[in-house]
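Since the structure comes first, as structure tokens, the remarks are kept for the end.
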Amino acid sequence: MVKLNIEDIYTQYWDKMLYQVCRKYTNNLDEAKDLCQNGFIKINDKLHLYKHKGSFEGWIRTIIKNSILDTQRKKKLPVTMEVPWEIISDTTPLEETPFLHYSGISLIDIIHLKEQLPPNKLKVFNMVLDGYKHKEIAEELGISVGTSKSTFHRAKWSLRKILLTKNNIE
């Protein structure tokens with residue numbers, strides 16, 4: 001078993017975690033850097049808990065996301081994020097998607113809405129959001145790549161339908 005070194009992890013994953021994870025939670029780059037740094041501190045503290053199973057990058061993403069949510073809860077700030085709408089809609093141009101103009105959706109709302117997805121759709125959807133490729137998802141879940149892709153597509157449409165229903169948009 002290879003000993004994990006926080007300096008190497010930091011060097012390898014900093015940019016990816018900053019821009020693919022932390023920037024989703026704030027539009028302020030300095031704040032995103034602070035959130036990312038706090039996440040890496042927690043990774044260092046929990047590194048001994050990693051069991052060398054599953055995706056190491058996914059494990060890192062989870063710790064950073066949980067660290068961000070904990071920070072925002074402690075500050076009692078409204079938890080908002082720029083929702084990656086392109087994940088939900090493949091066919092409608094973003095500027096033509098009606099629910100993009102709804103401004104009352106918080107990160108907590110999205111988390112609750114995602115939880116309405118059936119377990120198989122939720123698992124695949126979360127794995128794609130965490131950066132897994134469909135081949136990796138297929139291997140991890142013991143399904144075909146095609147099943148992973150179609151499950152993700154169905155999850156997107158289910159989530160889109162939930163959002164449209166929630167906002168009374170036809």
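General remarks:
- Given R0 = 25 Å, the distance between the Cβ atoms of K133 and E7 translates into a calculated FRET efficiency of 0.40.
- In this label model, K16 and D70 are separated by 2.2 nm, measuring between points 7 Å along each Cα→Cβ vector.
- Computing FRET efficiency as 1/(1 + (r/R0)^6) for D45 and T165, where r is the C-beta to C-beta distance and R0 is 30 Å, gives about 0.15.
The numbers here are math on the coordinates, done by the rules we state, and not lab data. Everything numeric here is computed off the predicted structure, so don't read it as measured data. Neighbour counts run over all protein chains shown; Cβ positions are idealised from the backbone, glycine included.
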